[in-house]
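Reading through the structure tokens given below for one structure.
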Amino acid sequence: KVLTFPCYRWFVGDVKMEIREGTAKTLTGDSALQLLEHRKTELQERQKTYRWVTWAPGIPRCIDAKTEADLPQDARFDNEKRSDFEHSLHYALLELSLKKLTIRFGKSWDDLEDFKRIFWKLKSPIAEYCMKHWKEDWFFGYQCLNGSNPRMIQRCKKLPENFPVTADMVQSSMADRTNLDKELKAGNIYLLDYAIMDGIPSNTIKGNPQYIAAPICLLYQHPDEGLIPIAIQLEQTPGRDTPIFLPKDPPLAWLLAKMWVRHSEFQVFQLLSHLLRTHLVVEVFCVATLRQLPAVHPIYKLLAPHQRYTLEINCRGRTQLISANGIFKRVVSTGGDGLLILAQREYKVLTYRSIQPLYDFRDRGVSQLPNYFYKDHSLMLWEAIHSFVSSMVSLYYQSDHDVQEDLELQAWIRDIVEEGFTELPKFGLPSKLSSTEELCTLLAVAIFTSTAQHAATNNGQFDWCAWVPNTPCTMRQPPPTDKDAVTMDMIMATLPDVSQSCVQMAITWHLGRAQPDAIPLGQYTEDHFTEPKALEVIDRFRMELKEIEKHILTENEGLELQYLFLLPSRIENSITI
Ligand code: OYP
């Protein structure tokens, strides 16, 4: 009798052909000796092909590949994706360099209106909205909730000791018959604290030093105006040279203070929320899955579609974006040593708990905030993903015992915790799985992070960063120390120059635009599962996603600023960009 191997793969030119046969089986469910033998050889091969490497200490470990060219075919972009990726960036850069030629070179802009000159063909409705409203305080507050970094804001019960805001400083921002103290007690005061930026070394670009601050910003959930910033201090240590900026200050001083907050936001958003907390976290799951689970394993079948292209995009990121002479080094204030130090600081405090949306919102104390669409949609998606995963797991694991006894699964979690998330004693994920519940949470985290969470941070980056003054990637002058001395010239000398601005627009457009070959969340095109029960579970998941889609569309009807980043049809099934 001919043995049917669970998975055959071959290549015709560049086209990947794949045939899988048979039902998903865990190790204990597979009994024929030859099949067990096959599982073992498959894993040995895979472990030779996919190896861990420490790209840099103090961040998650990753795939051992110098560039994407070192990756096995299976993990590479296909032709269409590769040529689209390469062309789109060239297209954006070319368009912008043509504009640059018509502007003066390597110079500051003359005034804020000047930024419009590169704002020509590459645009989006939200980016244009942003251009019109970025100076308004409510818009600043809105972005904390539904911008591209919606996980920074936290409730403030007590003012931090290094931020001596007094009640009368902010009284004029308050609604009638209330004050700071009452509002702190009522839970209407919030905080953005960029302490993590304190002391991060800043880049030098073409001989010019760039600057970094570590702001703290107080916000107030105003009954009529919504969430608004009410006080900003640009450094962590209070003092005569670090005044507390207020909305009633000279308008340019208040504007520049907000820009400094938004500049920190750019760094935290791109490096921590986006790169570290989605791309690099998910890569750990990818590598462990490829090394420890054979293709017949139900958990392999479940996760593989959520890992498509992630290794290649991360390799490209490491070689072209955050490398010694990559894009960050060329145009961003944290380029050079800064970005790694920043990522290492965040990695030290990264917890498994904080990548589970329920706990994240609870720990930040944001349940009272209205119009927090990111939160509402995340929770709906988490629910749908968790229930999908749970149904799938229950098809293959009848009890906690089954989980404990699955040696492949246990090797998988050990690889994740001990090889991937090394040097992370407080992460909070044990290296053994003892129940189906633990397994379901972990799988939901892996899928949620590679789909919804990545979409929430990645997909809005052009919308929120294309209008450079709203989210500047670098600052070319130190933070202001005197409120009365802020001038427009000083603002223009501080913001990114013409060429830095062009690169910011080009890259955020390149990464934020919809991918032409995108596979949306819940679409399983490779038919890993074939058994009817599993297919039913997939169908149910899709139906739930459809419901969420309808709900979000209805909710957005008539909204001036729509929140569609977590619309299921716009969420990719994996991190591919
Ligand atoms: C890879 O040809 C990626 O230069 C982006 O990286 C851009 C390139 C390569 C450059 C291609 C080229 C994707 C993976 C990732 C990630 C998350 C962090 C994204 C940060 C974007 C920052 C934009 C910087 C603007 C100045």
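The values are calculated or read from the model by the stated rules, or taken from the named source; none is laboratory data. Just so you know, these numbers come straight off a predicted model, no measurement behind them. Neighbour counts run over all protein chains shown; Cβ positions are idealised from the backbone, glycine included. With ligands, DNA and RNA removed, areas are computed over all heavy atoms of the protein, side chains included. Shrake-Rupley method; radii C 1.70, N 1.55, O 1.52, S 1.80 Å.
Globularity index of the chain is 1.00 (Cα radius of gyration / 2.2 N^0.38 Å, N = number of residues).
Checking the a/c ratio against 1.5 first, then a/b against b/c, what shape does the Cα gyration tensor give for region 408-486? It comes out prolate by the Cα gyration axes. With everything on Cα atoms, drop me the angle between helix 532-556 and the longest principal axis of the chain, reported from 0 to 90° to the nearest 10. Relative to the chain, helix 532-556 is tipped by roughly 20 degrees. Loop-resident trypsin sites (Lys or Arg not before Pro) (DSSP state other than H, G, I, E or B) in region 168-266 with no more than 16 further Cβ atoms inside 10 Å of their Cβ: 177, 206, 240, 248. Rolling a 1.4 Å probe across all protein chains gives residue 543 an accessible area of roughly 120 Å². Surface calculation, 1.4 Å probe, protein heavy atoms: residue 436 sits at approximately 30 Å² accessible.
Let me know the shape class of region 397-454, please: from the alpha-carbon gyration tensor, a ≥ b ≥ c as square roots of the eigenvalues, rounded when a/c is under 1.5, otherwise prolate if a/b is greater than b/c, or oblate. Could the numbers behind the result be given before it?
On the way: a/c = 2.09, a/b = 1.21, b/c = 1.72.
Oblate shape, in that a/c is at least 1.5 and b/c is the bigger or equal ratio.
Between residue 434 and residue 116, the C-beta separation translates, for a Förster distance of 60 Å, into a calculated FRET efficiency of about 0.55. The Cβ shell under 11 Å around residue 305 holds other residues with a net charge of -1, Lys and Arg each +1, Asp and Glu each -1. The angle between the Cα long axis of helix 137-146 and the main principal axis of the chain comes to about 10°, on a 0 to 90 degree scale. When 476, 277, 362 are compared by accessible area at a 1.4 angstrom probe, the order from most to least is 362, 476, 277.
Approximating the spin labels as points 7 Å out from Cα along Cα→Cβ, the residue 527-to-residue 90 distance works out to 3.7 nm.
Using heavy atoms of the protein chains and a probe of 1.4 Å, the accessible area assigned to residue 41 is about 70 Å². With kT/(6 pi eta Rh) evaluated at 4 °C and eta = 1.567 mPa s, and Rh the Kirkwood radius from Cα pairs, region 348-439 diffuses with a coefficient of 86 µm²/s according to Stokes-Einstein. Taking 0.36 nm per residue of separation and subtracting the Cα-Cα distance, full extension of the segment from residue 66 to residue 135 would add 20.5 nm. All distinct Cα pairs of region 165-300 go into the 1/r average, and the inverse of that average, the Kirkwood radius, is 17.9 Å. Axis of helix 337-349 versus longest Cα principal axis of the chain: the two differ by about 70°, to the nearest ten degrees.
Per residue, the chain exposes 41 Å² of solvent-accessible protein surface, assessed with a 1.4 angstrom probe and all protein chains in place. The residues 211, 300, sorted by heavy-atom accessible surface at 1.4 Å with ligands and nucleic acids left out, run 211, 300 from largest to smallest. Residues whose amide H falls under 5 Å from that of residue 220, counting only those 5 or more places apart or on a different chain, are 190, 228, 230, with hydrogens built in the peptide plane. What the Cα convex hull of region 489-577 gives, in volume per residue, is 127 Å³. Sites listed here are GluC sites (Glu not before Pro) in region 395-500 whose DSSP assignment is loop and whose Cβ has at most 14 other Cβ atoms within 10 Å: 423. Estimated from helices alone, the mean residue ellipticity of the chain at 222 nm is -13000 deg cm²/dmol (sum of -39500 (n - 2.57) over DSSP H runs with n ≥ 4, per residue). Contact order normalised by length for the chain, with contacts defined as Cα pairs under 8 Å and 6 or more residues apart; what percent is it? Rounded, it is 23 percent for the chain. What a 1.4 Å probe finds exposed on the chain is 54% carbon and sulfur by accessible area, rounded to a whole percent. Along its three principal directions, the equivalent ellipsoid of region 244-321 from the Cα gyration tensor extends over semi-axes of 43, 12, 8 Å, largest first.
How would 70, 415, 484 rank on accessible area, largest to smallest, probe 1.4 Å? Display every interim value, and only then the final one.
On the way: 70 90, 415 10, 484 130 Å².
From most exposed to least exposed: 484, 70, 415.
I need to check one value: relative contact order of region 258-415, counting alpha carbon pairs closer than 8 Å and at least 6 residues apart, in percent. Relative contact order comes out at 26 percent.
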